[in-house]
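K.L.:
First the structure, which I've put down as structure tokens, then a few questions once you've had a look.
The values are calculated or read from the model by the stated rules, or taken from the named source; none is laboratory data. It should be emphasised that the depicted structure is a prediction, and the values quoted were computed from it without experimental measurement. For neighbour counting, all protein chains shown are included, and Cβ atoms are generated from backbone atoms with ideal geometry for every residue, glycine included. All accessible areas refer to the heavy atoms of the entire protein, side chains included, with ligands and DNA or RNA removed. Shrake-Rupley method; radii C 1.70, N 1.55, O 1.52, S 1.80 Å.
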Amino acid sequence: VYRDDTTGTFQLSFKICELSSLILDRLDLKYIARPSLEALNRETGETVHLVIRDWSRGVYIDKIESTHAIRTRSTIGARTYLHSTATGKVLLANLAWARAEEIIAGVGLPRRTPHTITDPDVLQQELSKVAQQGWGEDREENEEGINCIAAPLINYKRVVVAAVSITYPALESYNERVDELRNKVCETARIISQHFGYVSDTGTNLW
């Protein structure tokens, strides 16, 4: 603190910013997010992922399996493409297109399934849509038989630091659950983001 000679009162100095930065740097993303991910898994019974971006790829840093027999091929520590996954689209959508274009240039847009977006113009339109609506999805674009919905985790600097997703079978019986799953993953992302100091201006869309 410092003393204001005019008023005689004490004020916080910018040293508080340095101290708060040290605290924020110690926050372990996986540790902070885990309780919310477990709750999402319990409520839906579906597979839940936590993904960060490492340059041109996404990296799974946490995964909680579904309670049913259908499993995804993802594993903690594995790297995945950004253009073909819901989490990857969320991680790219917060960036300017020129930056996203630079990132994907190194790996291209390989076709993972017959549904994968491989046209840069189509991907740009998709990322614009993701940024506008505040969540992303892939429908059998990375793995046949598997759909995914993801939402961004945003810190106090309004930077997307990770994405949380829910993965479910691409079955007709799930059509009636899509809205429910989307709402739950977006709410989970909002709760985790609040732990990192994020406050939404709109109260709805995280961006």
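K.L.:
For the range 49-90, count the residues as N, evaluate 2.2 N^0.38 Å, and divide the Cα radius of gyration by that value, please.
P.N.:
Numbers: Rg = 10.5 Å, N = 42, 2.2 N^0.38 = 9.1 Å.
Scaled against compact globular proteins, the figure is 1.15.
K.L.:
Could you report the chain's accessible area per residue, 1.4 Å probe, as an integer in Å²? Numbers along the way, then the final one.
P.N.:
Details: 11000 Å² over 207 residues.
I get 53 Å² per residue for this part.
K.L.:
Provide the solvent-accessible area of Val199, counting protein heavy atoms only and rolling a 1.4 Å probe, rounded to the nearest 10 Å².
P.N.:
Surface accessible to solvent at Val199 totals approximately 110 Å².
K.L.:
At a 10 angstrom cut-off on C-beta neighbours, averaged per residue, how do the peptides 57-66, 118-127 rank from highest to lowest? Before the final figure, lay out each step's value.
P.N.:
Details: 57-66: 18.4, 118-127: 15.3.
Per-residue mean Cβ counts within 10 Å order the peptides as 57-66, 118-127.
K.L.:
Quote the convex hull volume per residue of the range 69-127, based on C-alpha atoms, as a whole number of Å³.
P.N.:
On the way: hull volume 6.0 nm³, N = 59.
Spelled out: Cα convex hull of the range 69-127, divided by residues, is 102 Å³.
K.L.:
Sticking with this one: So how tilted is helix 29-44 from the main axis of the chain? Cα-based, degrees 0 to 90, rounded to 10.
P.N.:
50
K.L.:
Candidates [x] 43; [y] 58; [z] 35; which is the computed percent of Cα pairs over 24 Å apart?
P.N.:
Given [x] 43; [y] 58; [z] 35, the calculated one carries the label [x].
K.L.:
Another question about this same structure. Rg and Dmax of the range 54-176, using alpha carbons, in Å: what are they?
P.N.:
13.9, 41
K.L.:
Using only the alpha carbon atoms of the range 110-207, find the Kirkwood hydrodynamic radius as the inverse mean reciprocal pair distance, in angstroms to one decimal. Write out the running numbers ahead of the final one.
P.N.:
Details: mean 1/r = 0.0696 Å⁻¹.
Answer for the range 110-207: a Kirkwood hydrodynamic radius of 14.4 Å.
K.L.:
Also: Sort 98-105, 135-142 by the packing proxy (mean of other Cβ within 10 Å over each peptide's residues), most packed first.
P.N.:
Working: 98-105: 13.9, 135-142: 22.6.
Ranking, from highest mean packing down: 135-142, 98-105.
K.L.:
So what is the calculated 222 nm ellipticity per residue for the chain, using -39500 (n - 2.57) for each DSSP H run with n of 4 or more, over all residues, to the nearest 500 deg cm²/dmol? Display every interim value, and only then the final one.
P.N.:
On the way: 6 runs with 77 residues, N = 207.
So the helix-based figure for the chain works out to -12000 deg cm²/dmol.
K.L.:
Of all the accessible heavy-atom surface of the chain, with the other protein chains kept in place and a 1.4 Å probe, what percent is carbon and sulfur? Can you show the working numbers first?
P.N.:
Details: 5580 of 11000 Å².
For the chain, the apolar C and S fraction of the accessible surface comes to 51 percent.
K.L.:
For the ranges 160-166, 180-186, what's the packing order if you count other beta-carbon atoms within 10 Å of each residue, average per peptide, and put the highest first? Walk me through the numbers on the way to the answer.
P.N.:
On the way: 160-166: 26.4, 180-186: 18.6.
Packing order, densest peptide first, comes out as 160-166, 180-186.
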